[in-house]
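Trainee: Mind looking over this structure? Questions follow.
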Amino acid sequence: MGRYEEAIASYNRAIEINPDYANAWNHKARCYARWGNVELAIESLQKSIELRPEYFNNIATESDFDPIRDAVKFKQLIRAGQLSQII
């Protein structure tokens with residue numbers, strides 16, 4: 001758990017400097033996902049996708065999200081993103 005906390009703290013510092021730093025939001029989401037924190041992973045992931053929509057293309061298969069892949073909110077995010085790509 002300690003390494004994830006350190007990484008998240010680093011990403012938070014980067015986001016404080018530049019709130020639009022999509023890569024920091026994305027990696028923060030990965031840390032939360034690997035840590036099993038669905039709510040914070042989804043929140044950070046949504047922000048990263050908002051800033052860089054192309055990040056959506058990798059989340060369905062990215063192994064960092066495996067720990068939360070079966071979560072209802074993660075599945076909803078995938079479905080919503082797939083629908084927005086169709087429309």
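The values are calculated or read from the model by the stated rules, or taken from the named source; none is laboratory data. Not measured: the values here are computed from a predicted model. Note that we place each Cβ from the backbone using ideal geometry, even for glycine, and neighbour counts take in every protein chain shown.
Trainee: Within the set of pairs 6+ apart or on separate chains, which have a first residue in the stretch 5-20 that is under 13 Å from residue 51 (Cβ atoms), a second that is among the basic types (Lys, Arg) and modelled with pLDDT of 95 or more, and C-beta atoms under 8 Å apart?
Mentor: 15/28
For every residue, the table says whether it meets (1) assigned to a helix (DSSP H, G or I); (2) in contact with a Phe, Trp or Tyr (Cβ under 7 Å, 6 or more places away or on another chain); (3) buried (at least 17 other Cβ atoms within 10 Å of the Cβ).
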site	(1), (2), (3)
25	yes, no, yes
31	yes, yes, yes
44	yes, yes, yes
58	yes, no, no
64	yes, no, yes
67	yes, no, yes
79	yes, no, no
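Trainee: Got a number for residues in the stretch 41-71 being of a type in the set (A, V, I, L, M) and without any contact (Cβ under 8 Å) to a residue 12 or more places away in the chain?
Mentor: Matching residues across the stretch 41-71 total 0.
Trainee: Picking from 8, 15, which residue would you name as being in a helix (DSSP H, G or I) and in contact with a Cys (Cβ under 9 Å, 6 or more places away or on another chain)?
Mentor: None of the other options fit; the residue is 8.
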